[in-house]
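Enquirer: Below are the structure tokens for one structure; questions will follow.
Readers should treat all values here as calculations from the given coordinates under stated rules, not as data from a laboratory. Computed from a prediction, not measured in an experiment: that's the story for all the values here. Every residue, glycine among them, receives a Cβ derived from its backbone with ideal geometry; neighbour counts consider all protein chains shown.
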Amino acid sequence: MITRKTLFLAAALAMAAAPSVFAGPVTYKEAASLWSADQAVRFPPAITRDFLKGVEKDLGRKAAAELSAKKDKVEGLLKRFKTCDLNAEDVKTAGKYLNSEFRTEVVYFAEQGCSKVKEAAAGRAAAPVSKACPSTPIWPR
């Protein structure tokens, strides 16, 4: 018979384990390789203290420290990517830790893309051109 106490205990244990379950398993080989955009989102939550302790035990303190630094730098880059506040340090991080496809995106947004996004959001982007009269903007400036 399932009691209310057992049900609450099971729910609490499930919620405590949820972040690592959703993050999915990761191997050291995957974590040490260059990350795609999907991996950059998925791997940091999976690189837990316990995972890093296992890496330290199996591969040494240096490998664990490098992986921890990678996790921290990529997490910071992703936070700034969401708000489009990328900087030169993020370009360096991308060059060191991300695959060429995702690195290209980061470099584009760090150099010019974020300013274009912010200008468009502020209403300073170029006015769309009317199809009827290509030389006339749809709205006056």
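Enquirer: Treat each spin label as a single point 7 Å out from the Cα along the C-beta direction, and report the Ala32 to Asn99 distance in nm.
Expert: 1.9
Enquirer: Which cross-chain or sequence-distant (5 or more) residues have an amide H under 5 Å from the amide H of Ser36, H modelled 1.01 Å from N in plane?
Expert: Sorted by chain and number, the residues that satisfy this are Asn99.
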